[in-house]
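Okay, structure first, notes after.
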Amino acid sequence: QVQLVESGGGLVQPGGSLRLSCAASGFTFRTYVMSWYRQAPGKERELVASTGTSGTTNYADSVKGRFTISRDNAKNTVYLQMNSLKPEDTAVYYCKAWGRGIIYWGQGTQVTVSS
């Protein structure tokens, strides 16, 4: 059974940091591109960052220099370190796995940036 379980979300003040984790099981993690998406109320889901099977990374312009995606293939986990958070980063953050034409999604974790 495939599972993607996100954790680490919460309420943080502007300028603060959070680290999201996505623990994967049920598929060959190291062969999948792993990504973080987010969806704010009333907006479409958007790509935040992705990491390829060889560890290459890609970021949305809005988070470059503030967010860092990384993966640990030994632990079947992908991370998103979020620094210098802004109110506009408030959203539900989703983990996505893509490989061999198959896509899996996690259930999402809420991130709220507010004073």
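Listed values, structure above:
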read-out	value
Sites residue 68 and residue 2, calculated FRET efficiency, Cβ-Cβ separation with R0 41 Å, nearest 0.05	0.95
Cα-centre dipole for segment 13-85 with unit charges at Cβ (Lys and Arg positive, Asp and Glu negative), debye to 20	100
Test item: Cα-centred dipole of segment 65-115, Lys/Arg +1 and Asp/Glu -1 on Cβ, debye	180
Heavy-atom accessible surface of the chain: percent carbon and sulfur, 1.4 Å	46
Selection from 103, 48, 113 lying farthest towards where the dipole of the chain points positive, charges on Cβ	103
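The values are calculated or read from the model by the stated rules, or taken from the named source; none is laboratory data. Remember, predicted model here, so these are calculated numbers, not experimental data. Here the Cβ is made from the backbone with ideal geometry for all residues, glycine too, and neighbour counts use every protein chain on show. Surface accessibility is based on the protein's heavy atoms, side chains included, excluding ligands, DNA and RNA. Shrake-Rupley method; radii C 1.70, N 1.55, O 1.52, S 1.80 Å.
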